[in-house]
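A short write-up of the structure that comes next.
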Amino acid sequence: MEAPLDRAPAGALAPWSGLNCSVLFCDVAGFGDPSRDDEDRQVVRDVTYGILLSALAASDVPPADTYREDRGDGALVIVSPAVPTASLIDPLAGHLAVALRRHNHRASAAVRVQLRAALHVGPVTPDAEGLNGQVIIQTARLMEAPVLKTALAETGADLGFIVSSFVYDAYVAHLHGPIDPRAFERVTLTVKETTTEAWMYLAGTANRPAAPAPRSPDPDGPQGTTVFSGDVQVRGDLVLGNKITHNR
């Protein structure tokens, strides 16, 4: 397992001061849940930081081009303007999703990791105590979006990734890799004094509850519902696939 993200000296940011940096906030959903004890939380921290560091490395983000702060239940990562912001979406989000799925597939509920991640771009300035910049506040607001928290709770997704409208328009909309821009959902959020629009992407939603089958609006019409599983093939009026018919 990789070592936790240690806080780098704020002075390391000096060459980037005032430049547009990528700001990535990560947070473990339900980290302080009382069903977890201190040992569980340590496991969750180790897993989360190991996954994050590995994903950054696999996305060709050099450690020398990052400033990192541990936030207890997550991390703040500032990435140099020299690193393309697009790489923090694809392939980073994909690497995070795969690693989380692998861990959660064999993890008990107490050490399962649901990760929220938020990405924005803007100028960051170091000071004697750490960092300053409106972009950091805005990214934190994205990560705390109620719509993101609700989506994770309702779908059981491994990863909830949310980006600012600027990041979507400038980078996500132009992706041509494994992550489809159409998989992002436009959302409106209000957190404290901030109301803004953003784009949300969920990965690892295998535990999402199935929606109830709609009833026929015609009382004299069909009173059963046919559910297909696996691959479905349509050939003219013929539909092929595994099916289960529920009668009312």
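Quick notes
- Taking a ≥ b ≥ c as the square roots of the eigenvalues of the Cα gyration tensor, the stretch 80-130 is classed as oblate, since a/c reaches at least 1.5 and a/b does not exceed b/c.
- Global form of the stretch 127-186, assessed from the alpha-carbon gyration tensor, a/c cut-off 1.5: oblate
- Cα gyration tensor category, rounded, prolate or oblate, for the stretch 10-167 with a/c compared to 1.5: prolate
- Given charges at beta-carbon only (K, R positive; D, E negative), |dipole| of the stretch 32-83 in Debye: 200 debye
- Per-residue accessible area (protein heavy atoms, 1.4 Å probe) orders 149, 192 as 192, 149, starting from the largest.
The values are calculated or read from the model by the stated rules, or taken from the named source; none is laboratory data. Keep in mind that what you see is a predicted model, and the values were worked out from it rather than measured. Don't worry about glycine lacking a Cβ; one is built from the backbone with ideal geometry, like all the others, and counts go over all protein chains shown. Heads up: the accessible areas ignore ligands, DNA and RNA and are worked out on the full protein's heavy atoms, side chains in. Shrake-Rupley method; radii C 1.70, N 1.55, O 1.52, S 1.80 Å.
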